[in-house]
Amino acid sequence: MSSAVELLADQLKRTPGNIARNIESTGDWKKELANATTSAHDLLHRLNLETHLKLADLQPAFKCLATESYINKMQHGNINDPLLRQILPLGKENDLQIQSAGTTDPVGDIDAMTSPGLLHKYHGRALLISTGACAIHCRYCFRRHYPYQQSACSSDALDKALDYLQQHTEIDEIILSGGDPLVLENTKLDRLIKRLETIEHLQTLRIHTRLPVVLPSRVNAGLLQLFSSSRFDVVMVIHANHANELQQSEYAKLQLLHQAGVTLLNQSVLLKDINDDCETLITLSKRLFECKTLPYYLHMLDPVAGAMHFAIGKKAALKLRNEMEWQLPGYLVPKFVQEIAGKQAKTAIFRI
């Protein structure tokens, strides 16, 4: 396999100039992350949507956060832009009647914790909350209430997590989640992965991340080298809900990850007024395949307080899935699932 640097150089030769500059500027991701937009007012102003300020929560408890890369993909003047709706804090997040069915721990993370930041829900795999930081705050996030300060795997807690993994030889896959594990810089991520590699029965490293979609400059030569040199089988589960999220920069970076030997999957959440129609979901699946990424899961919304206005009924959701099955080959139809606290696996949904 070519080195990560060779992969990057080859990609630059075959990429239009403006995108190539984005790929080459491997240090820019930290600057972009540091300068991410944290004001709903500023976000609406720059998109020429000041007349819709009354819809927004301008001081949300779960703050607004969005990168320049993500905002640049939004349509100016369109309050219903499907990317904007994913990250714009709305007043209805605080409507007690709308949000009454939501909880603060919808998937049972707290009960599944074996030590700070280590969750063991399912046979054969465990999940490490490697950081509480993200590059974007999705308004439907099921961990928007998660107590990261007490329950992320800090450096102090890592030894306990590794001890647990060492003792449980039935675990052969470790999942890095968050927050977003790719917010960690390469040196920290490398140290973490090398410590995990010392546990012989761990074979697969799975990374759940939104950064290739919302901060594509994060995929740099150092990250590619880290993955291509690991003894683990590396699986990356990205998170895109709409094809508009996967433009040329994202396409280029996902190609690089694929060339570096990373298996790419995508999970989406079914969201009202964002992707709850068959054409949108089909277009997403086809775009993902162009980006060397297979559709993996289509989640029913986790019932988290503050996000229930995104919920879709099961009857409508099943109709969408059936339409997708009729129009797409099986490998492009994501598995339609719901995560239910206390269950031993994701629950596939086939009927009401």
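Descriptive notes on the structure:
- Count of segment 281-329 residues which are surrounded by fewer than 17 Cβ atoms within 10 Å (Cβ to Cβ) and within 23 Å of Pro212 (Cα to Cα): 6
- One residue stands out among those in segment 99-124 that are of a type in the set (A, V, I, L, M), in contact with a Phe, Trp or Tyr (Cβ under 9 Å, 6 or more places away or on another chain) and crowded, with 18+ Cβ neighbours inside 10 Å: the one that is modelled with the highest pLDDT, which is Leu118.
- Failed item, numbered, when Glu170 is tested on (1) part of a loop (DSSP other than H, G, I, E, B); (2) at pLDDT below 95: (2)
- Qualifying positions in segment 125-150 - more than 17 Å from Phe62 (Cα to Cα) and surrounded by 20 or more Cβ atoms within 10 Å (Cβ to Cβ): Ala126, Leu127, Leu128, Ile129, Ser130
- Residue tally, condition under 28 Å from Val262 (Cα atoms) and either in contact with a Lys or Arg (Cβ under 7 Å, 6 or more places away or on another chain) or assigned to a helix (DSSP H, G or I) (or both), over segment 301-324: 2
- Scanning segment 252-260 for residues that are outside any helix (DSSP H, G or I) and over 30 Å from Lys92 (Cα atoms) turns up at least one hit.
- Only residues that are surrounded by fewer than 18 Cβ atoms within 10 Å (Cβ to Cβ) and not aliphatic (A, V, I, L, M) were counted in segment 80-98, giving 6.
- Taking the criterion of being of a type in the set (D, E, K, R), out of contact with any Pro (no Cβ under 9 Å at 6 or more places or on another chain) and free of Cβ contacts under 8 Å to residues at least 40 places away in the same chain, the only residue of segment 320-342 that qualifies is Glu325.
Here's the yes/no breakdown for (1) in a strand (DSSP E or B); (2) crowded, with 22+ Cβ neighbours inside 10 Å; (3) basic (Lys, Arg); (4) in contact with a Lys or Arg (Cβ under 6 Å, 6 or more places away or on another chain):
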| residue | (1), (2), (3), (4) |
| --- | --- |
| Ile175 | yes, no, no, yes |
| Leu182 | no, yes, no, yes |
| Thr187 | no, no, no, no |
| Arg195 | no, no, yes, no |
| His201 | no, no, no, no |
| Ile207 | yes, yes, no, no |
| Pro212 | no, yes, no, yes |
| Ser228 | no, no, no, no |
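- For segment 128-144, a residue qualifies if it is closer than 7 Å to Gly179 by Cα and either aromatic (Phe, Trp, Tyr) or within 10 Å of the chain's Cα centre (by Cα) (or both), and exactly one does: Cys134.
- Filtered residue count, segment 95-137, keeping only those that are in contact with a strand residue (DSSP E or B) (Cβ under 8 Å, 6 or more places away or on another chain) and outside any strand (DSSP E or B): 12
The values are calculated or read from the model by the stated rules, or taken from the named source; none is laboratory data. Here the structure is a predicted model, which means the values were calculated and not measured. Note that each Cβ is placed from the backbone with ideal geometry, even for glycine, and that neighbours are counted across all protein chains shown.
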